[in-house]
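*Asks:* Please see the structure below; I have some questions.
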Amino acid sequence: MATTNIATDIQNITGVTTANAGFITSAQKFVASKIPKDLLSFAKVKSGDIDNGNHNNDKLSTSKITDVVRNGYLCTKITVEQAAFANDSASLQKSTEKFPTYTIIGDSAGAKLQIHPTPTNSQVANYYFIDPTTIDDDTVLMSAVIYHAVSNEYTKLASTTVPSFSSISAPTTPTLTSNSISFNETAPTYFKPTLVLTGDISITDLSVTSVAPNTPTLQSNSITFSTTAPTFTPPAMGSLDFADTEDLITNEEDSEMLSARISEINAKISEYSARIQESQAVFNKENTEYQAQLQKSIEDARLASQDDVQALQKYSNDISVYQNNINKEVQEYSQNTEKEIQLFSAKRNTELQKYQSDIQNELNEFNKENVAYQALLQKSIEDARLSSQDDVQKIQNYSSEIQEYQTQVNEELQKFASNLQKSQFYSTESKKYYDWSVNEVTLYIQNNSDILKATLAQQSRR
């Protein structure tokens, strides 16, 4: 699939010479994994033919399977426990050529596909799955892929530009031969300050307190409604590893991975928020389908039993309240989490700014002491000039070395400050573009879910 335009946009945004192909592939997989498969019909790909010869050994290349078709007839998915009935000729649940079924056995990484009845050489089967590489230059999700890949590029740049402070040794005080000259002052030394970070952020999993209402029991035997109401299932929060962030600076005297680590942790938190939005979108979609079925049952019940009508109408209201409560809890959790992240980022930025300020203060103190030291050194040079030309030469050389030492310290600190600012900029850009990619995916899910809801509502009125 063509990703030339995607690669060009990544290069224009980040300034890299060549866009990392692995980052583009990772971004495509990220986008595909966050969107319900029903909303990715354009990315469907057909598998090869499955016949009697390769049926049992066919391995699914992806967990994003959408449809299975046998000899032109759409297969219904059944559970592993139902597979025995599907192949039992005495069972009412036996699968037929016109009403075939399929079962997926095993995990998504190496699952086997079983189709009932078993495909033959004349009646082959195929499955359709979501291919992430189809999310390319020609899709509406192109921006989401670009933003996610750009985020990874900036994270890499942040890791490579975070500086380390090189130790520079002060020159050794010369030994003078003249007994009449005394100069034993110690040259000033630059002391790098210690970075002190406050406690780490703690983000807990979303805990939903709302409980779905129970399905009502209908009096009329002519009305059947046993569909289970959808349940909102929040995702689990991954572990946030802060163990090495402070150690990289205070103990190892190396801040090289600090910004990259913080960026990685922020990315995990943002990804968790995106997964919550995805779970919410899936719940709302399933609830819309459920409501359509419920409205049909209410209409059927209206002709048979007024009591059943009232029971179903009350149940419909309860379901609506349940959905509103779920959306409210997710929104409150997202707002609280965002506040926690902003507070944490503000604290860390303040501490890093203080660290830079301490570095500048130490440099000012070093320069101040060096001025006084140079004055004493010049006085000793004048005294030595009257007694020993050798001592004069030694002290003059030492003076030059001290000036070079001061220059090296200033250059090292300027380089350190410049690279630190670059690294912080790249980390900020990485999080910004990651958030943009998540927003693109969320907006796509919301827009297409609304279209799906409208379609279902229109079908329910027919």
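Each value in this text was obtained by applying a stated rule to the coordinates, not by laboratory testing. Bear in mind the structure is a predicted one, so any value in this text is a computation, not a measurement. Cβ: placed from backbone, ideal geometry, glycine included. Neighbour counts: every protein chain shown.
*Asks:* Going highest first, how would you order 31-41, 349-359 by mean Cβ packing within 10 Å?
*Replies:* Answer by packing, highest mean first, reads 31-41, 349-359.
*Asks:* Enumerate the calculated ³J(HN,Hα) couplings along the range 14-22 in order (Karplus 6.51 cos²θ - 1.76 cosθ + 1.60, θ = phi - 60°), each rounded to whole Hz, writing x wherever the residue is Gly or Pro.
*Replies:* The phi angles translate into 8, x, 5, 5, 10, 5, 6, 4, x Hz.
*Asks:* Okay, moving on. Too long at a 27 Å Cα-Cα cut-off: which of 354/431; 34/94; 112/268; 29/431; 347/368? Please report the intermediate quantities before stating the final value.
*Replies:* On the way: 354/431 22 Å; 34/94 35 Å; 112/268 32 Å; 29/431 19 Å; 347/368 31 Å.
Among 354/431; 34/94; 112/268; 29/431; 347/368, the Cα-Cα distance tops 27 Å for 34/94; 112/268; 347/368.
*Asks:* Rank by packing, highest mean first: peptides 125-131, 365-371, 289-295, with packing defined as the count of other Cβ atoms within 10 Å averaged across residues.
*Replies:* Highest mean packing first, the order is 125-131, 289-295, 365-371.
*Asks:* Expressed as a whole number of Å, what is the distance separating the alpha-carbon centroids of the range 74-94 and the range 21-49?
*Replies:* 30 Å
*Asks:* If the cut-off is 18 Å between C-alpha atoms, which lysines fall inside it for residue 98, apart from same-chain ones fewer than 8 positions away?
*Replies:* Reachable lysines: 77.
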